[in-house]
Amino acid sequence: MCANSTASSAASGTDTHCPYCALQCGMTLIPLPDSNETHAATRAGVEVAERPSFPVNRGALCGKGRTAPAVLARQARLTQPLVRRRSSDELEPATWEEALDLVATALDQTRITHGPDAVGVFGGGGLTNEKAYALGKFARLALGTSQIDYNGRFCMSSAAAAGTRAFGVDRGLPFPLSDVARTGCLILVGSNPAETMPPAMRYLKELRDGGGTLIVVDPRRTRTAKQATLHLAPRPGTDLALALGLLHLVVAEGRLDQDFIDSRTTGWTEAHSAAMAYRPDLVEHITGVSERELRQAVRLFCDPEHAMVLTARGPEQQSNGTDAVSAWINLCLATGRAGRPLSGYGCLTGQGNGQGGREHGQKADQLPGYRKLDDPLARAHVARVWGVDAETLPGPGRSAYELLDALGGDIRTLLLMGSNPVVSGPSAAHVEQRLRALDFLAVCDVVLSESAQHADVVLPVAQWAEETGTTTNLEGRVLLRRKAADPPAGVRTDLDVLNGLAARLGWEQSFPTDAEEVFSELGRASAGGPADYSGITYARIAAEDGVFWPCPEGGAEPAETGTAAGAEAGACTAGTPRLFLDRFATPDGRARFVAVMHRPTAEEPDADYPLRLTTGRVQAQYQSGAQTRRVDALNKAAPGPFVELHPRLALQLGAESGDRLAIVSRRGRAVAPARVTRGIRPDTVFMPFHWYGEGRANTLTNPALDPTSRMPEFKTCAVRIELAAPVSQDRNRKH
Ligand SMILES: Nc1nc2c(c(=O)[nH]1)N[C@H]1C(S)=C(S)[C@@H](COP(=O)(O)OP(=O)(O)OC[C@H]3O[C@@H](n4cnc5c(=O)[nH]c(N)nc54)[C@H](O)[C@@H]3O)O[C@H]1N2
Ligand SMILES: Nc1nc2c(c(=O)[nH]1)N[C@H]1C(S)=C(S)[C@@H](COP(=O)(O)OP(=O)(O)OC[C@H]3O[C@@H](n4cnc5c(=O)[nH]c(N)nc54)[C@H](O)[C@@H]3O)O[C@H]1N2
Ligand code: SF4
Ligand SMILES: [Mo]
């Protein structure tokens, strides 16, 4: 059926993409000649080579991509199903038959005893489009539950919500990433690509080399911020006030693009009145960014012909995240920096399939093609493709954190596929306790993650280089990950797992195991929706190094479908590389201003918890670390948690680099060594969230949710710091 699904044995290697982040760097996997059974335990049968022809990363890879095959080796991963035995309360090896029977029985029993909504499903933005689609369909069809959501809720959901309300559709970047190098001024808000997407840094360098300017907004002086023309370092959680303050100055300094506002937007009057309250002195008071810096930012942003704003998790993972992104979008609209070549707003999506994973139905309120579950026409269309009555489809369910919080309450059984929330969820000790309170937990994973360790049944699955599937990168470019090696004996694909469970629940025919067959069904289900994939085929992706959605079936040939600007750029003419050049995706074709006002974070510092904790990433570890903490080279580069703090704060505490510090919030206490640096605000501390145990950052974080996106406030909570262990007396204290 699928020409690409057999392992390539070509000595020249197999072209594919990295398993990790949303840049989805192109790479070639070369078979290792001496990969025999002995070697297979400790190393993979392939190695990574550069693939310079792929236009996004042009050959460059970060250390995670280069070492990704290490997680294919047998010793790093699960190779047989595990079942918790009553006698020992331990996970012990089992056959696939037994494991699948147990899971199917638990799912079925829960439905019968407590109703279908007592079964929960939790997915991941790292799953391929085919898996995400099949998982959403499995929940609605085979389980009949409304209770499905996924970890993308913790990722870019605030930007998605703000993008949809402004532009009518949410595609992370509405233009190819390479456009960034040719704009006049780029504002990067709470984004640290030097750690999180290193190969993208070349576009920032090209921008600077070509005379463009870069503004970085980050409470920390990151390696990205060090490249900036101007670095603004607001207090965490105050981006909303900052963007409103910039808009206020744009008006005050006569920098509005009134023609653009009149011809291509609605809602300016209200947004304008809202912004007028944010005088520079007030904004300086809220954010800590000086009036002089605010004025400089407005000059840099408004002087050139083209300019862009890109947000990432900094402003988004806040209880005011959706409004914060709206405020940045308003700034773009008021200055005519949207819907034009080389200008616009975008969000840097995070996970490998962070874009596609949010389009095809593993989200609580969603049907494939970015359709809404509460839209009768969408229900009718998808029900037709699935061969069922639309009446039988459940309605929208709870958001990710609300779902996790309900485990052991009205949700009794959970199927977890593609996430490790015991490390990555907010208030993680509580999440862990909720997982333990379930009647039954089934986990499909590649490795025995910290969450899988709580399971009743663990199903070991194939990954990345061992199976074919598509992902959609941060530009909305649909890519083909090709199979390059056979999985170890004993593992099955996620599609096989869903098929095996569906068969036991009486739905086998609806869950094919061939990825290309699933993709073609996904295309039909998405037809006519905002994220229309119906014109995309594996062959077309292969021929064109990716196809940008929307790409309806029967649309013009690729070269014509690309807009004039797309054709001009040369590299990418497949599908729709650039959105909004003629009209926005709203009913009237106009972008919508949203009148937003600043509001403080859910937990402002006080006498007991006087500091702000923010969290994020380091280059050598990925997310919950489930995969990258199994790679020696990456552990060497980033061995464990730490807490970054300013020398002035360190002095107050009597601490220096290396001292064990206890960081305490209302949720709990974490311990990590100090890393003293001038590159952070003195009122703020930072921890990466990649580790479990005493250094787990998410023990501390606040699950306060944004009212629109339901995003938890990962990027700000109030903490205090104490020395965790006596400091030796004979040390020379200098900072
Ligand atoms: N090495 C590595 N790369 C990754 C990942 C990984 O885990 N490791 N994960 C991938 C995924 S899923 C994602 S979502 C992306 C995330 O990519 P990024 O968003 O670039 O990563 P973060 O480190 O979470 O946050 C970015 C910056 O936001 C800053 N920040 C904190 N609070 C605030 C605030 O209130 N306002 C502003 N303006 N900035 C703030 C932090 O100091 C940090 O430098 O990375 C992807 N790439
Ligand atoms: N404090 C704090 N917390 C955060 C964030 C933050 O900035 N600060 N960021 C949030 C963000 S943006 C994100 S995206 C989340 C991510 O956090 P998680 O959802 O925990 O993400 P991963 O660690 O990537 O977990 C993916 C799991 O799926 C497994 N896996 C990989 N590939 C496959 C596959 O093909 N099939 C199956 N079945 N399993 C697979 C991996 O082994 C791993 O166990 O963390 C969030 N948590
Ligand atoms: S930047 Fe992202 S996609 Fe590229 S090699 Fe690194 S982890 Fe992989
Ligand atoms: Mo993410």
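Read the figures in this text as sums done on the coordinates, not as results from a lab. For clarity, every value in this text was computed on a predicted model and none was experimentally measured. Cβ: placed from backbone, ideal geometry, glycine included. Neighbour counts: every protein chain shown.
Grab the beta carbon distance between Glu391 and Glu253, set R0 = 51 Å, and tell me the FRET efficiency rounded to 0.05.
Details: r = 57 Å, r/R0 = 1.12.
The formula returns an efficiency of 0.35 here.
From the phi of every residue in region 490-503, what ³J(HN,Hα) in whole Hz does the Karplus formula 6.51 cos²θ - 1.76 cosθ + 1.60 yield, where θ is phi - 60° and glycine or proline is x?
x, 10, 10, 7, 4, 5, 4, 4, 5, 5, x, 6, 4, 4
Between Ala489 and Lys205, take the C-beta separation as r, use R0 = 45 Å, and let me know the FRET efficiency to the nearest 0.05.
Calculated transfer efficiency: 0.45.
Convex hull volume of the Cα atoms in region 351-492, per residue, in Å³?
Once divided by residue count, the hull of region 351-492 is 142 Å³.
Find how much the distance from Leu282 to Gln652 grows on full extension, using 0.36 nm per residue of separation minus their present alpha carbon separation; answer in nm with one decimal. Show your work: numbers first, answer last.
Values: separation 370, 0.36 × 370 = 133.20 nm, distance 2.86 nm.
Gain on extension, Leu282 to Gln652, equals 130.3 nm.
Quick one: Leu127, Leu649, fewest Cβ neighbours within 10 Å first, how do they rank? Mind dumping the intermediate values first?
On the way: Leu127 29, Leu649 20.
Starting with the residue having the fewest Cβ neighbours, the order is Leu649, Leu127.
Search the structure for amide H atoms under 5 Å from the amide H of Gly344, placed 1.01 Å from N in the peptide plane, and list their residues when 5 or more places away or on another chain.
Answer set, sorted by chain and number: Ala307, Met308, Val309.
Counting only pairs 8 or more places apart or on different chains, how many lysine pairs in the chain have C-alpha atoms closer than 25 Å?
18
Restricted to Cα positions, what overall size does region 297-373 have along the principal axes? Three whole-Å values, descending.
The principal-axis extents, from largest down, are 43, 29, 23 Å.
Each label point is 7 Å from the Cα along the Cα-to-Cβ direction; what then is the distance between the points at Ser87 and Arg58, in nm?
It works out to 6.2 nm between the two label points.
What number, in nm² with one decimal, is the all-direction average of the projected area of the convex hull of the alpha-carbon atoms of region 611-725?
Values: hull surface 29.7 nm².
Result: 7.4 nm².
Rounded to the nearest 20 Debye, what is the dipole magnitude of region 193-344 about its Cα centre when Lys and Arg each give +1 and Asp and Glu each give -1 at the C-beta? Mind showing how you got there, number by number?
Working: 17 positive and 18 negative charges, 115 e Å.
So the dipole magnitude of region 193-344 works out to roughly 560 debye.
Explain nothing, just the number: dipole magnitude of the chain about its Cα centre with +1 on each Lys and Arg Cβ and -1 on each Asp and Glu Cβ, in debye rounded to the nearest 20. Can you show the working numbers first?
On the way: 78 positive and 83 negative charges, 400 e Å.
Rounded to the nearest 20 debye, it is 1920 debye.
Quick one: P(r) of region 14-76 from all Cα-Cα pairs, 5 Å bins, percents rounded to integers, in order of increasing distance.
Over region 14-76, the share of Cα pairs per 5 Å bin runs 4, 20, 27, 22, 15, 8, 4, 0 percent.
Relative contact order for region 611-725: what percent, with Cα pairs under 8 Å and sequence separation of 6 or more? All intermediate terms of the calculation are to be shown ahead of the outcome.
Values: 252 pairs, mean separation 41.7, N = 115.
After rounding, I find 36 percent.
Okay, which of region 630-667 sit inside 19 Å, backbone N to the point 7 Å along the Cα-Cβ direction of Asp608?
Counting backbone N atoms under 19 Å from the label point, the list is 662-667.
Loop-only check: which trypsin sites (Lys or Arg not before Pro) in region 618-717 are DSSP coil with at most 11 other Cβ within 10 angstrom? Spell out each step's value before the answer.
Values: sites: Arg629, Arg630, Lys636, Arg648, Arg660, Arg666, Arg667, Arg669, Arg675, Arg678, Arg696, Arg710, Lys715; in loops: Arg666, Arg667, Arg678, Arg696, Arg710, Lys715.
Loop-located and lightly packed - Arg678.
Could you state the principal axis extents of the C-alpha atoms in region 236-353, from the largest down, to the nearest angstrom?
39, 35, 26
Loop only by DSSP, 16 or fewer other Cβ within 10 Å of the Cβ. Give me the GluC sites (Glu not before Pro) in region 218-295 that pass, ordered by residue number.
Details: sites: Glu253, Glu270, Glu284, Glu291, Glu293; in loops: Glu253.
Passing both the DSSP loop test and the Cβ count: Glu253.
How many nm is it between the label spots at Gln75 and Thr229, if each spot is 7 Å from the Cα in line with the beta carbon?
Once both label points are built, they end up 5.1 nm from each other.
Per the Debye formula with a single identical scatterer at each Cα and no solvent contribution, what log10 I(q)/I(0) holds for the chain at q = 0.06 Å⁻¹?
Evaluating at q = 0.06 Å⁻¹ gives log10 I(q)/I(0) of -0.33.
Note down, for region 155-350, the three equivalent ellipsoid semi-axes (square root of 5 times each alpha carbon gyration tensor eigenvalue), biggest first, whole angstrom.
Numbers: eigenvalues 94, 70, 59 Å².
Taking √(5λ) for each Cα gyration eigenvalue gives 22, 19, 17 Å.
Please find the FRET efficiency linking Arg436 to Ile112, where r is the Cβ-Cβ separation and R0 is fixed at 30 Å, and quote it to the nearest 0.05. Please report the intermediate quantities before stating the final value.
Working: r = 24 Å, r/R0 = 0.79.
After rounding to 0.05, the efficiency reads 0.80.
Largest first, please: the extent of the C-alpha atoms of region 143-183 along each principal axis, to the nearest Å.
Sorted largest first, the three principal extents are 48, 19, 16 Å.
Could you tell me which of Leu300, Pro93, Thr468 has its Cα farthest along the dipole of the chain towards the positive end, charges placed at Cβ (Lys, Arg +1; Asp, Glu -1), taken about the Cα centre?
Leu300
Roughly how large, in nm² to one decimal, is the mean projection of the convex hull of the alpha-carbon atoms in region 144-216? Walk me through the intermediate numbers first.
Values: hull surface 26.6 nm².
Mean projected area of the Cα convex hull: 6.6 nm².
Evaluate the relative contact order of the chain (contact order divided by residue number), counting alpha-carbon pairs under 8 angstrom at least 6 apart; express in whole percent.
Working: 1810 pairs, mean separation 137.7, N = 735.
Relative CO of the chain lands at 19 percent.
Treating only the Cβ atoms of Lys and Arg (+1) and Asp and Glu (-1) as charged, compute the dipole magnitude of region 14-76 about its Cα centre; round to the nearest 20 debye. Present the calculation step by step, with values, prior to reporting the outcome.
Working: 6 positive and 5 negative charges, 47 e Å.
It works out to roughly 220 debye.
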